[in-house]
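Note sheet for the following structure.
The values are calculated or read from the model by the stated rules, or taken from the named source; none is laboratory data. All values derive from a computational prediction rather than experimental measurement. Note that each Cβ is placed from the backbone with ideal geometry, even for glycine, and that neighbours are counted across all protein chains shown. Ligands, DNA and RNA are stripped out before the accessible areas are found, and what is left, the full protein with its side chains, is counted by its heavy atoms. Shrake-Rupley method; radii C 1.70, N 1.55, O 1.52, S 1.80 Å.
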Amino acid sequence: MISVEKAGVELLLFGSTASDSGVSAFTTTRNGVGGASPYASFNLGLYSGGDVTEVRRNLSRLAGALGVPDAQLCLPRQVHGVEIGLVDASFLKLDAFSRARRLDGVDALITNVPSTVVGVTTADCVPVLLYDPRQRVVAAAHAGWRGTAGRIASRCVERMAALYGTCAADVRAMIGPSISAACFEVGDEVFGAFSQAGFDMARMSFRHRDTGRYHLDLWEANRQDLAGAGVPVSQMETAGLCTFTQCDRFYSARRLTVHSGRFVTGIYLCQ
């Protein structure tokens with residue numbers, strides 16, 4: 001990923017779209033201030049227990065750095081499900097209360113409205129961004145293990161096709177910073193959920209030789225899901241940055257507990 005600074009905010013840009021003037025895809029960081037505090041520096045999570053006033057101030061800073069109005073930075077209240085929301089012209093006309101209700105319980109967002117950011121907040125879970133350059137549609141999905149097992153990424157591709165005529169072969173996919181397989185130890189029930197869902201476990205899991213516990217590769221699982229939907233593997237970019245090992249740069253719920261900050265991975269169509 002390519003690090004840039006805009007208005008005092010560090011943004012990591014995905015290389016596969018960085019030179020495309022029609023879209024911007026990014027991930028935020030802890031903005032240069034790590035440390036032990038679970039909410040230190042540029043926390044963007046409204047629902048993770050931090051100071052809401054400070055979070056809103058940070059979100060406004062992010063919108064300014066992206067060059068979009070605050071009201072066009074759209075982030076759902078995620079619940080580790082597979083519900084997909086639509087951010088269209090009618091949504092943007094709603095008042096703040098109505099918008100919040102529409103974003104409640106949603107784990108992915110789709111839009112074709114320029115200068116409107118759709119994003120997700122994470123701290124180890126996998127953020128997945130999708131871009132259809134032909135139909136000019138983007139999506140952002142929060143794919144924790146439950147969302148990944150529920151195939152939220154391919155569900156977004158299907159929804160983009162139903163709403164806007166997206167062809168999976170045109171889609172570019174970006175998998176953002178999140179916990180790596182080396183650090184993502186799981187119980188037998190999580191391993192079983194993926195196995196029952198039809199994932200190729202030989203390619204996305206291993207049993208640790210010392211602990212005997214399974215480790216899962218959620219990056220590979222999402223690649224499998226997207227490939228199964230028809231997205232070419234050659235059009236997938238994986239950041240390869242582990243939030244657990246780089247918790248000074250990114251928030252990590254496994255390192256700092258769930259009561260900690262969140263960073264944003266988002267995408268928007270440029271005018």
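For the reader, a short list of remarks on this structure follows.
- Eigenvalues of the alpha-carbon gyration tensor of the stretch 1-143, scaled by 5 and square-rooted, set the equivalent ellipsoid semi-axes at 22, 20, 15 angstrom, largest first.
- Going through (1) 13.5; (2) 14.1; (3) 17.1, the figure that equals mean projected area of the Cα convex hull in nm² as computed for the structure here is (1).
- The HN-Hα couplings worked out from phi for the stretch 232-247 by the Karplus form 6.51 cos²θ - 1.76 cosθ + 1.60 (θ = phi - 60°) are x, 4, 5, 9, 10, 10, 10, 4, x, 9, 8, 5, 5, 7, 10, 6 Hz, whole numbers, x standing for Gly and Pro.
- Each pair of Cα atoms in the stretch 153-271 enters the Kirkwood radius, and Stokes-Einstein at 10 °C and 1.306 mPa s then converts it into a translational diffusion coefficient of 99 µm²/s.
- Computed about the Cα centre, the dipole magnitude for the chain is approximately 280 debye when only Lys and Arg (+1) and Asp and Glu (-1) carry charge, each at its Cβ.
- Convex hull volume of the stretch 76-200 per residue (C-alpha atoms, cubic angstrom): 117 Å³
- Heavy-atom accessible area per residue - the stretch 1-160, 1.4 Å, Å²: 40 Å²
- Modelled this way, with points 7 Å down the Cα-to-C-beta line, the labels at A7 and H80 are 3.4 nm from one another.
- Taking only protein heavy atoms and a 1.4 Å probe, the accessible area of the chain is 49% carbon and sulfur.
- The calculated FRET efficiency for S98 paired with T257, based on their beta-carbon distance and R0 = 45 Å, is about 0.85.
- For the chain, calculated [θ]222 nm from helices alone, where every DSSP H run of n ≥ 4 adds -39500 (n - 2.57): -7500 deg cm²/dmol
- Averaging Cα coordinates gives a centre for the stretch 16-76 and one for the stretch 188-247; these two points are 26 Å apart.
- Heavy atoms of C270: accessible area, 1.4 Å probe, square angstrom to 10: 30 Å²
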